[in-house]
Amino acid sequence: MPTAKKIDKAAKRKMKQTLKELDSAYKQWLNEDVIYIITPDERNAFLQLQTNEEREQFIEQFWLRRSSNPDLPDNDFKEEHYRRIAYANEHYASGIPGWKTDRGRMYIMWGPPDEVESHPTGGTYDRPMEEGGGSTSTYPWETWRWRYLEGIGENIILEFVDPSGSGEYHLTMDPSEKDALLHVPGAGLSLLESMGMATKADRFTRSDGTNLPTALGGTPASMDEFNRLELYAKVQKPPEVKFKDLEALVTSRIVRDQLHFIYRTDFLKVTDDTVLVPITIQVPNSQLSFQAKEGIHTATMNIFARVSTLTGRIVTTFEAPVSKDFPDSLFQQSMKLQSIYQNAVPLRPGLYRLDLVIKDVQSGNIGVVNTRLAVPRYQDDKLEASSLILADQIEHVPAKQIGAGQFVLGSSKVRPRL
């Protein structure tokens, strides 16, 4: 699983402050409901959101990304997750809520194990040979076994022990932690200890994080210190997102950002529930590759744009080839200028994702922008203005051209200055 992207100190301070100021419902969702399954990057992203509307949309996206069928009205992953929390609270509470215990955490993250070996009162324990053999008495303990866990492997076994007898079992890497006679001289001896070939003191000089007796015939791979540490670390991490529909949109387009451009979005109220969003793109001509033919220098770029919801549903797309032609006499001067393109799309108020891709046809160079698009809601009972557009060209258009073509807003042609 990838590690969280590094956040600078200022951003960390701001996120810490946001967490303090969160409404209780969102704070509970973050710190209780999904604390074990949210990835570090998702948590950081959530704490950088500004409004409750954004947080609601983020939460919707969070569950949809994990659903086996995002098109169904009921989210199977979400329902199963809350069922696990309820089960953990009912079965593993021990002075603290069940979801906070180690058994509750493992149950919520990985689901019910395929096998459970439970010893709620401890009792006599015959050690397997890899743990040194011989008999001892134990504290209450359990082992959980899963045949397979996604992202971890096969035959995963975890052990929980309750040395205090309080009912709170904790996850352990040391199989000797359940040995109630560990510190009692001459009691609970292993096979080699009872034969006089080892002493109980040897258990406390091990460097592998356990106090197990010396095993006859060496240590198997499953008991190797590094394998145990690796397993312990893996089961603590949030499970991998199985249905990466949104991630695929991002990672399937790994390209070098070779063509640099700037863009802007504006917002003009159309109706109570519709906002016209002109998307304007500006590319320096010097970024384009021109081909000369018969005294004319020509460059062509393909522009593609997509607006989608945060859950990945595509709302609208547009694409267009844009050509630029300059005669020899103006070519050098044109290299200092910009090429501009605009397309206006109607959208409902809300939070979207905007993907812009420009390809220079001659060179194959590509420029990509992936950004957040927040479309405001204009309410009738409030005095609100559409975007302020600084224009380098404004002119009246004939009646037959109203609403048609680039830069046409109503009865005027407005070319914004980027």
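With a 1.4 Å probe and all protein chains left in place, how much of the accessible area of segment 62-106 comes from carbon and sulfur atoms, in whole percent? Mind dumping the intermediate values first?
On the way: 1210 of 2430 Å².
That fraction is 50 percent.
Keeping all protein chains in place, calculate the accessible area per residue for segment 20-107 (probe 1.4 angstrom), answer in Å². Please list the in-between numbers first.
On the way: 4560 Å² over 88 residues.
Dividing the accessible area of segment 20-107 by its residue count gives 52 Å².
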**Fill in**
A 1.4 Å probe over the protein heavy atoms gives segment 113-236 a carbon and sulfur accessible-area percentage of 54
**Request:** Determine the gain in length on full extension of the stretch residue 224-residue 289; use 0.36 nm per residue of separation and subtract their C-alpha separation, reporting nm with one decimal.
**Result:** 17.4 nm
**Message:** For segment 113-236, what does the accessible surface come to per residue with a 1.4 Å probe? Please give it in Å².
**Reply:** 52
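For a quick check of your reading of the filter: which GluC sites (Glu not before Pro) in segment 102-150 sit in a DSSP loop and have no more than 13 other Cβ atoms within 10 Å?
On the way: sites: 115, 117, 130, 131, 142, 150; in loops: 150.
Of the GluC sites (Glu not before Pro), the ones in loops of segment 102-150 whose Cβ has at most 13 other Cβ atoms within 10 Å are 150.
Note the full-extension length gain between residue 148 and residue 271 as 0.36 nm times their separation in residues minus their Cα-Cα distance, in nm to one decimal.
That pair, residue 148 and residue 271, stretches by 38.9 nm at full extension.
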**Request:** Taking 7 Å along the Cα-to-C-beta vector as the label spot, tell me the residue 76-residue 329 distance in nanometres, rounded to one decimal.
**Result:** 7.0
**Item:** Label-point gap, in nm, between residue 96 and residue 116 - each point 7 angstrom along Cα→Cβ
**Value:** 1.9
**Fill in**
Rounded to the nearest 0.05, FRET efficiency between residue 68 and residue 89 (Cβ-Cβ, R0 25 Å) equals 0.50
**Asked** Remind me, relative contact order of segment 113-236 in percent, using alpha carbon pairs under 8 angstrom and six or more residues apart?
**Response** 23
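The values are calculated or read from the model by the stated rules, or taken from the named source; none is laboratory data. Computed from a predicted structure; not experimentally measured. Backbone-built Cβ (ideal geometry, glycine too); neighbour counts: all protein chains shown. Calculation scope for accessible area: heavy atoms of the full protein, side chains included, ligands and nucleic acids excluded. Shrake-Rupley method; radii C 1.70, N 1.55, O 1.52, S 1.80 Å.
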